[in-house]
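Working notes for the structure below.
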Amino acid sequence: RRGGGGAAAAAETRFVGRGIVGHGESKRPLRLIVFRPLTGKTHQLRVAAKSLGSPVLGDAAYAGKDAAASEDRAYLHAAALRFALNGEVVAVTCKPTEGAEWRSP
């Protein structure tokens, strides 16, 4: 919450797996975390990931510029979205095409 106003952000969190990325001295541990947001706060999942000690890989704002510079993008994927549009419920799913070793069962 910024400035103490408004409702707190809420999300369900599930740890899915651990891994290592890189070679030699550039090796670093990774964790795959699945979030299900229960509120729609700006950056809430990025903030939650950082607070768990696992900022989104490649996220310059929350992982730091040095960490982000070593990546080609931010590794945050929306696997499913559901929202109302003109009185209709829209549901979209998009499974990741990369990172099969991280997919949850």
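No lab work stands behind these numbers, since they all come straight from the coordinates. It should be emphasised that the depicted structure is a prediction, and the values quoted were computed from it without experimental measurement. Backbone-built Cβ (ideal geometry, glycine too); neighbour counts: all protein chains shown.
Some notes on this structure:
- Counting 0.36 nm for each residue step from GLU25 to ALA10 and taking away their Cα separation leaves a gain of 1.7 nm.
- Cα gyration tensor shape of region 11-75, rounded if a/c is under 1.5, else prolate or oblate by comparing a/b with b/c: oblate
- Burial order of peptide ranges 51-59, 39-47, 25-33 (average beta-carbon count within 10 Å, highest first): 51-59, 39-47, 25-33
- Only lysines eight or more places from LYS41 in sequence, or on another chain, were considered; those with a Cα closer than 29 Å are LYS50, LYS65, LYS95.
- For region 35-56, the residues whose backbone nitrogen is under 14 Å from a point 7 Å from the Cα of HIS77, taken along Cα to Cβ, are 35.
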